[in-house]
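The values are calculated or read from the model by the stated rules, or taken from the named source; none is laboratory data. Predicted, not measured: the structure shown is a model, and the values here were computed from it. Because the Cβ atoms are built from the backbone with ideal geometry, glycine has one as well, and the counts that use them run over all protein chains shown. Ligands, DNA and RNA are stripped out before the accessible areas are found, and what is left, the full protein with its side chains, is counted by its heavy atoms. Shrake-Rupley method; radii C 1.70, N 1.55, O 1.52, S 1.80 Å.
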Amino acid sequence: MEQRHLGRTGLRVSRIGLGTLTWGRGTDEQDAADLLKTFWEAGGTLVDTADVYSDGDAEYIVGQLCERLVPRRELVIATKAGSVPDPYRRFDGSRGHLLAALDASLERLGTDYVDLWQVHAFDPRTPLDETLQTLDIAVSSGRARYAGLSNFSGWQLAKAATWQLAAPGVRTRLASTQMEYSLLQRGVEREVLPAAVDLGVGLLPSSPLGRGVLTGKYRHATPADSRGASEQLAPFVAPYLDDAASRIVDAVAIAADGLATTPLEVALAWVRDRPGVVAPIVGARTAQQLAAALSVETLSLPDEICRALDDVSEPVHRYPDQDWTEL
């Protein structure tokens, strides 16, 4: 698998990442082992997790598999901290919480460092410089090799990345930002992606297959074994089952037919090769599903297909994103 630099850093990652959101809950350790082995044997390196995935069990499983299945040095392990199970405060970016969360993550992962440590979301109650200083501490102490963000808006990302660049050699350059991005969710193109490209921050798209909808599996019905049919994840899929999404999914299916490939490969190739994107994070339920996603490695979409998909999925971005003098 092709390797790409993560932002303007020396860290190289596979251009498809493996997500672990359901590990320890919907995906048991044996299934996770099959997924990781399939991913690693295909040349994949980037494994993304978080301290809140399955209440920490996802990190624990990653650590167990690194111990006996895949050499730790051959993986780029990315985790996150900052989300908290508190209905009154969903995010905690304070120095105390983040450093304690990092130490707990390292213990579950069975390693003394993570390759990429990400702040899971913006915390409006904590001064941003305190949160960013915590990233500096993590990197300078060797507990994290690189630092990134997740779910930061355009202005939040720009402020954070610029702050870090203001003191080169002292503050840690932000390597990445992880955001939802697909043909069904192009909101990051409004401000986040332009800011990331300008500031040298690599984008790691989550849900690159539109929460599974872009595979075409929901075109005619909801499969009984799908996430859309599960009580826990049905609300996660539901926003992308409307008429607007259906038109985009139909266009992807038509493109796939014309290229003699699958809707999954078309949708994944589209987001993988967007400007500023480093590695879409794919969360598969089975090794078979993952293998199907990894087969996209040999696919490059023709320009005319990309333009057609761009047109059918184009979001409405007017003032002030377009030239306001023409409005």
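Restricted to segment 54-86, and to residues there that are small (Gly, Ala, Ser) and in a helix (DSSP H, G or I), the residue that is farthest from the chain's Cα centre (by Cα) is GLY63. Looking at ALA253, ALA269, ALA244, just one residue is in contact with a Pro (Cβ under 7 Å, 6 or more places away or on another chain), part of a helix (DSSP H, G or I) and of a type outside the set (S, T, N, Q), and that residue is ALA253. Checking ASP257, ASP242, ASP273 one by one, the residue that is more than 27 Å from ALA121 (Cα to Cα), open to solvent by 20 Å² or more (accessible area, probe 1.4 Å) and at pLDDT 95 or above is ASP257 and no other. Determine, yes or no, whether THR298 is touching a helix residue (DSSP H, G or I) at 6+ places or on another chain (Cβ under 8 Å) and open to solvent by 40 Å² or more (accessible area, probe 1.4 Å). So THR298 does not fit the description; no.
Can you pull out the residues in segment 43-53 that are in a loop (DSSP other than H, G, I, E, B) and open to solvent by less than 10 Å² (accessible area, probe 1.4 Å)?
Scanning segment 43-53 gives GLY44, THR49, ALA50.
Cβ-Cβ contacts under 7 Å between residues 6 or more apart (or on different chains), taken from a first residue in segment 45-57 that is over 14 Å from ALA104 (Cα atoms) and touching a residue at least 40 places away in the same chain (Cβ under 8 Å) to a second residue that is open to solvent by 20 Å² or more (accessible area, probe 1.4 Å) and among the acidic types (Asp, Glu), are listed as THR45/GLU74.
Of the numbered criteria (1) surrounded by fewer than 19 Cβ atoms within 10 Å (Cβ to Cβ); (2) touching a strand residue (DSSP E or B) at 6+ places or on another chain (Cβ under 6 Å); (3) outside any helix (DSSP H, G or I), the one ARG89 fails is (2). Which residues, counting only those in segment 110-129, are free of Cβ contacts under 8 Å to residues at least 60 places away in the same chain and open to solvent by less than 50 Å² (accessible area, probe 1.4 Å)? Hits for segment 110-129 are THR111, TYR113, VAL114, TRP117, VAL119, ALA121, PHE122, ASP123, THR126, LEU128. Taking the residues in segment 21-42 that are among the small types (Gly, Ala, Ser) and touching a residue at least 60 places away in the same chain (Cβ under 8 Å) as candidates, determine which candidate is surrounded by the most Cβ atoms within 10 Å (Cβ to Cβ). By that ranking, first place goes to ALA42. Scanning segment 173-188 for residues that are crowded, with 24+ Cβ neighbours inside 10 Å, under 16 Å from GLY200 (Cα atoms) and in contact with a helix residue (DSSP H, G or I) (Cβ under 7 Å, 6 or more places away or on another chain) returns LEU174, THR177. Just one of (1) at pLDDT below 90; (2) part of a loop (DSSP other than H, G, I, E, B) fails for THR325. It is (2). For segment 226-235, the condition holds for at least one residue, the condition being that it is closer than 30 Å to VAL13 by Cβ, modelled with pLDDT under 95 and touching a Ser or Thr at 6+ places or on another chain (Cβ under 8 Å).
Within segment 167-187, restricting attention to residues that are outside any strand (DSSP E or B) and in contact (Cβ under 8 Å) with a residue 24 or more places away in the chain, the residue that is nearest to ASP48 (Cα to Cα) is TYR181.
Taking segment 146-157 as the range and being more than 18 Å from VAL114 (Cβ to Cβ) and open to solvent by less than 30 Å² (accessible area, probe 1.4 Å) as the test, the residues that pass are PHE152, GLY154, GLN156, LEU157.
The residues listed here are LEU99, LEU18; of these, the one that is in contact with a helix residue (DSSP H, G or I) (Cβ under 7 Å, 6 or more places away or on another chain), surrounded by 17 or more Cβ atoms within 10 Å (Cβ to Cβ) and not in a loop (DSSP other than H, G, I, E, B) is LEU18. Pick from ASP103, ASP112, ASP92: which is out of contact with any Cys (no Cβ under 6 Å at 6 or more places or on another chain) and within 20 Å of LEU11 (Cα to Cα)? Only one candidate passes the filter, namely ASP112.
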